[in-house]
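**Student:** The structure follows.
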Amino acid sequence: MSNKLKNEKSPYLKQHENNPVDWFPWNKETLLKAKNEKKPIFLSVGYASCHWCHVMAHESFENNDTAKIMNEKFINIKVDREERPDLDSIFQKSLGVLTGAQGGWPLSMFLDENAVPFTGGTYFPPQEMHGRPSFTQVLENVSKVYLENREKIIAQVSQLQMVFKEFNRKNSVLKQDLEPYAEKIIQYFDEQNGGFKGAPKFPQFYIFDTILHFYNKTNNQKYLDVVEKLLLSLSSKGIYDHLEGGISRYTVDEKWIVPHFEKMLYDNIQYVNLLNNYLSIKKSDYLKKKLKQTIKFINSEFLIKNNLLGSAYDADSDGVEGKYYVWKYQELKDILGNKLEILLKKYQISENGNFEGSNILVEKLNPKINEESGIAEIEQKLLEIRKKRNKPFFDDKSQTDLNSFWIYVNLYSSIILNDRDMLEKTKKNIENLNQIYENKLFHCYNDNKQIDVFLEDYVYFSLLLLSNYEFTKNKTSLEKCIQLMDEAWSNFFNSGERVLQKNKTQFNDLFVEPIDLNDNNIPNGNSIYLLILNKLNNIAPKKKWNERIDILSKSFHSYMNSNFAQMFSYIKVLDMCENNITVTINTKNINTFEKVREQTVKKFMDKATIIYKEEDSEDYFIICKKQTCSPKLKNLEEVENYFKNL
């Protein structure tokens, strides 16, 4: 046998193609091989920019003695979690069920010959340490237990399937007041540092996006305050890249100072999205600057062929975490000479540093420095020197859901920043995606695998198409959105659970149906599907939209009580459906159309649906909220006045 990853496209799988381990991809042939040979499976799930995945690979998967044990005793399968989010979701949950341990990456699961998990872990060290057994001990023990208890282990499948059914158990609540969930979650807010208390610390943007929604609805200042505190903390501390823009995935401390240096596209999309929504409410030149810098960074440094974006930058360069981003005090002194004093006015920099003897750039609180000081030129000089260093590995795998989500967010940024060039470029990017997916929608690669597209790909691309209609009156986009929404319902709706599952119902190759209602890296596809349904029902009312809205709304309410902290995007969308807002525009005057669109977006962001009429009458505009509508407004001034009083 030999390593079978050489023919795979995933950058993560390619990183392992020369391991002495006989790796296989997850497919029908591999699963059949395990069944025929009656051998257990070792499943390793990770991603290309995952630090601890690299560590375990160097320590164990590149070790000939360890590989020998793996090859003799297991069928070894390697999976990129971003290629198969459905699989990752199920096996992360399985780890919690089987061992009580928290999931993460690398995910190291042991499955029976029918691909049903029976034990697992995350990172295993090469030698026993801190109470963790060595990986070779684990391999030997698991193999022994499986050989001695094979039939018992195989028989456990029905119990495990029952546990997963319990995960999806509903209560009898079909409708409820949603604002109390926002009240409940902010009890855990870290008032000193922003975000939620504790470490490691993740931004969890979708929660704060929903809290901001309730500020818009209620004008309750405490909702705005927690969002503002988060954004100002993130944008000034070490999690933010002050030289180039963009944020890292999380910090290991509670003050947002020491990041785990990997930069993920999905985090930066949501950072920009929350900045958009905040800046639509309150002006901040400081945050606007961070918004522009991050958009520029993503649109240049994540760009790959076909005008798409890749997925992530690694934390490591030259095998050292954070090496690309940090600075020794003496190094800065040598580069800047007496201009170091200017840098010290803006950033907390010391000889001892704040990270392993080096400095992560962290802004001082209220730095007394202005642009005339030459700080921008100093930062540019440092960036140019940094770019000569070896860059972290870039995972250039494009993902349809993330590319669609990014372009969608750029549409709103173009209005918030009054940037016509950005709007035109964004429209071109939408056209580009339309051409790429003209014949078939796929997640990463158009390679005709049976499982190659997921719920999130359908809904985020549909959301982009619908928004393109709202921003530009593009009817073809609207029609394509309607077509994809029907396809998604047909492919992903699970009639037993009355929600949408992650992969196509007819092609599931996992031991349970992947019902995943949690907001994870991005807001869950189920909540986004409901958002689109509500907008479509406003634009082109149909019985089927109403029926689906009813089914999903009731299902989401019935799951909410037991899982609200993981369902904040649903809380926002359900509340938007309850407080439905529409703006109807009937004008042939391009200038008037653009101004009303701009006013609508800045006032409501995604919370209002824009509807276009093409009647030969005089211009009119109608604004409705919860079935209460304005009279026909005749001009921009009347629209602006109505907005002020709404």
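The values are calculated or read from the model by the stated rules, or taken from the named source; none is laboratory data. None of the values given here were measured: they were computed from a predicted structure. Positions of Cβ are backbone-derived with ideal geometry, glycine not excepted, and every protein chain shown enters the neighbour counts. Areas reflect the complete protein model, heavy atoms only, side chains present, ligands, DNA and RNA absent. Shrake-Rupley method; radii C 1.70, N 1.55, O 1.52, S 1.80 Å.
**Student:** Just the number please: accessible area per residue for the stretch 281-428, 1.4 Å probe, all protein chains included, in Å².
**Tutor:** The answer is 50 Å² per residue.
**Student:** If you don't mind, there's one more thing I want to ask. Subtract the Cα-Cα distance of Gln483 and Val145 from 0.36 nm times their separation in residues, and report this length gain in nm to one decimal.
**Tutor:** Gain on extension, Gln483 to Val145, equals 116.6 nm.
**Student:** Right, here's the next one. Put one equal scatterer on each alpha carbon of the stretch 1-73, apply the Debye formula with no solvent term, and list log10 I(q)/I(0) at q = 0.23, 0.25 1/Å to two decimals.
**Tutor:** Scattering profile of the stretch 1-73, log10 relative to I(0): -1.16, -1.32.
**Student:** Using 10 Å bins from zero, what percent of all Cα-Cα pairs in the stretch 508-646 falls into each bin?
**Tutor:** Percent of pairs per bin, in order: 11, 35, 28, 17, 7, 2, 0.
**Student:** For the stretch 415-470, compute Rh as the Kirkwood radius over C-alpha pairs and then the Stokes-Einstein diffusion coefficient at 4 °C and 1.567 mPa s; write the answer in µm²/s, rounded to an integer.
**Tutor:** For these conditions, the coefficient is 102 µm²/s.
**Student:** Could you give the length gained on full extension between Thr628 and Gln450, defined as 0.36 nm per residue of separation minus the Cα-Cα distance, in nm?
**Tutor:** 59.3 nm
**Student:** Still on this model: The stretch 344-420: which trypsin sites (Lys or Arg not before Pro) are DSSP loop and have at most 12 other beta-carbon atoms within 10 angstrom?
**Tutor:** Filter output for the stretch 344-420: Lys368, Lys387, Lys388, Arg389.
**Student:** Further, regarding this structure: Return the subset of Lys535/Lys572; Lys288/Lys625; Lys428/Lys634; Lys255/Lys502 for which the Cα-Cα distance in this structure is over 24 Å, preserving the input order.
**Tutor:** Over 24 Å Cα-Cα: Lys288/Lys625; Lys428/Lys634; Lys255/Lys502.
**Student:** Using all Cα-Cα distances in the stretch 222-365, what percent lands in each 10 angstrom bin from 0 up to the longest?
**Tutor:** With a bin width of 10 Å, the distribution comes to 11, 39, 35, 14, 1.
**Student:** Now a separate question. By what distance, in whole Å, do the Cα atoms of the chain stretch along each of the three principal axes, largest value first?
**Tutor:** Cα extents, longest axis first: 80, 70, 46 Å.
**Student:** Something else now. Pulled fully out, how much extra length does the chain show between Lys388 and Leu174, if you take 0.36 nm times their separation in residues and subtract their Cα-Cα distance?
**Tutor:** Contour length minus the Cα-Cα distance gives 71.3 nm.
**Student:** Any idea what diffusion coefficient the stretch 158-315 gets from Stokes-Einstein, in µm²/s, Kirkwood Rh on alpha carbon pairs, 37 °C, 0.692 mPa s?
**Tutor:** Translational D for this selection: 190 µm²/s.
**Student:** To the nearest 500 deg cm²/dmol, what mean residue ellipticity at 222 nm is calculated for the chain from DSSP H runs of n ≥ 4 alone, each contributing -39,500 (n - 2.57), summed and divided by the residues?
**Tutor:** -15500 deg cm²/dmol
**Student:** Moving on. Report the residues of the stretch 562-600 in range of a label on Asn635: point 7 Å along Cα→C-beta, backbone N strictly under 13 Å from it.
**Tutor:** Residues 592 fall inside that zone.
**Student:** Show which lysines lie in cross-link reach of Lys323 when reach means a straight Cα distance below 20 angstrom and same-chain residues fewer than eight apart are skipped.
**Tutor:** Answer for Lys323, where 20 Å is the Cα cut-off: Lys237, Lys263, Lys333, Lys381, Lys387, Lys388, Lys391, listed by chain and number.
**Student:** No solvent, one uniform scatterer per C-alpha: report log10 I(q)/I(0) for the stretch 115-227 via the Debye equation at q = 0.17 1/Å, two decimals.
**Tutor:** Listed by q, the Debye log ratios stand at -0.92.
**Student:** Would you report the distance distribution of C-alpha pairs in the stretch 344-503 as whole percents per 10 angstrom bin, up to the bin with the largest distance?
**Tutor:** 9, 25, 22, 19, 17, 8, 0
**Student:** So, by mean Cβ neighbours within 10 angstrom, what's the order for 95-108, 593-606 with the highest one leading?
**Tutor:** 593-606, 95-108
**Student:** Over the stretch 399-515, what is the relative contact order in percent, taking alpha-carbon pairs closer than 8 angstrom and at least six residues apart?
**Tutor:** 23 percent
**Student:** Taking a ≥ b ≥ c as the square roots of the Cα gyration tensor eigenvalues, with a/c under 1.5 meaning rounded and otherwise prolate when a/b beats b/c, else oblate, which class fits the stretch 270-342?
**Tutor:** oblate
**Student:** Let me ask something else. Between Val97 and Gln330, what is the FRET efficiency for a Förster distance of 41 Å, r being their Cβ-Cβ separation, to the nearest 0.05?
**Tutor:** E between Val97 and Gln330, to the nearest 0.05, is 0.20.
**Student:** How compact and how long is the stretch 269-312, expressed as Rg and Dmax of its alpha-carbon atoms in Å?
**Tutor:** Expressed in Å, the Cα Rg and Dmax of the stretch 269-312 come to 12.1, 37.
**Student:** Moving to a separate point now. Calculate the length of the line joining the C-alpha centroid of the stretch 329-348 to that of the stretch 349-394, in whole Å.
**Tutor:** Cα centres, the stretch 329-348 to the stretch 349-394: 9 Å.
**Student:** Based on the alpha carbon coordinates of the stretch 80-171, what radius of gyration and maximum Cα-Cα distance (Dmax) apply, in Å?
**Tutor:** Cα radius of gyration and Dmax of the stretch 80-171 are 14.1, 46 Å respectively.
**Student:** What is the antiparallel percent of DSSP beta bridges lying wholly in the stretch 532-645, to the nearest 5?
**Tutor:** Expressed as a percentage, antiparallel bridges in the stretch 532-645 total about 65.
**Student:** Once both labels are modelled 7 Å past Cα along the beta-carbon direction, what's the Gln156-Asn64 spacing in nm?
**Tutor:** Here the modelled spin labels are 3.5 nm apart.
**Student:** In terms of solvent-accessible area of protein heavy atoms at a 1.4 angstrom probe, what is the ranking of Phe507, Phe442, Phe394, highest value first?
**Tutor:** Phe507, Phe394, Phe442
**Student:** For the stretch 427-549, what is one quarter of the convex hull surface built on the Cα atoms, given in nm²?
**Tutor:** Seen from a random direction, the Cα hull of the stretch 427-549 projects 8.0 nm² on average.
**Student:** May I ask you to list, by number, the DSSP H helices of the chain whose Cα span along the axis is at least 18 Å and whose average Kyte-Doolittle hydropathy reaches -0.5 or more?
**Tutor:** 85-99, 135-154, 205-218, 221-236, 265-279, 400-416, 455-472, 475-492, 525-539
**Student:** Just the projected area, averaged over all directions, of the convex hull on the alpha carbon atoms of the stretch 526-588: how many nm²?
**Tutor:** Taking the Cα atoms of the stretch 526-588, their convex hull projects to 4.8 nm² on average.
**Student:** Still on this structure, I have one more. Determine the per residue accessible area of the stretch 476-606 with all protein chains present and a 1.4 angstrom probe, expressed in square angstrom.
**Tutor:** Per residue, the stretch 476-606 has 34 Å² of solvent-accessible surface.
**Student:** Work out, in µm²/s and without decimals, the Stokes-Einstein translational diffusion coefficient of the stretch 312-430 at 20 °C, 1.002 mPa s, Rh from Kirkwood over C-alpha pairs.
**Tutor:** The estimated diffusion coefficient comes to 124 µm²/s.
**Student:** Rg and Dmax of the stretch 347-414, using alpha carbons, in Å: what are they?
**Tutor:** So, for the stretch 347-414, Rg and Dmax equal 17.6, 45 Å respectively.
**Student:** Roughly how many Å is it from the Cα centre of the stretch 489-520 to that of the stretch 36-97, as a whole number?
**Tutor:** 24 Å
**Student:** Continuing with the same structure: Using the Cα centre of the stretch 280-412 as the reference point, and only Cβ charges (+1 on K/R, -1 on D/E), how large is the resulting charge dipole? Debye, rounded to the nearest 20.
**Tutor:** Here the stretch 280-412 has a charge dipole of around 520 debye.
**Student:** Over the stretch 511-646, what is the relative contact order in whole percent, taking alpha-carbon pairs under 8 Å and six or more residues apart?
**Tutor:** 22 percent
**Student:** In whole percent, and with a 1.4 Å probe on the protein chains, what portion of the accessible area of the stretch 169-271 is carbon and sulfur?
**Tutor:** Within the stretch 169-271, the accessible surface is 47 percent carbon and sulfur.
**Student:** Excluding ligands, DNA and RNA, what is the solvent-accessible area per residue of the stretch 91-192 at a probe of 1.4 Å, expressed in Å²?
**Tutor:** Counting only protein heavy atoms, the per-residue value for the stretch 91-192 is 56 Å².
**Student:** Give me log10 I(q)/I(0) at q = 0.20, 0.22, 0.27 Å⁻¹ for the stretch 313-352, Debye formula, one equal scatterer per alpha-carbon, no solvent.
**Tutor:** Per q value, in the given order, log10 I(q)/I(0) is -0.68, -0.75, -0.89.
**Student:** With an 8 Å cut-off on Cα pairs and a minimum separation of 6 or more residues, tell me the relative contact order of the chain in percent.
**Tutor:** 11 percent
**Student:** Give the Rg/Rh ratio for the stretch 43-111, taking Rg as the radius of gyration of the Cα atoms and Rh as the Kirkwood radius, to two decimals.
**Tutor:** Reported Rg/Rh, Kirkwood definition of Rh: 0.97.
**Student:** Still on this structure: List the cysteines of the chain that have no other Cys Cβ closer than 4.7 Å: which are they?
**Tutor:** Cysteines of the chain left without a disulfide-compatible partner: Cys444, Cys481, Cys577.
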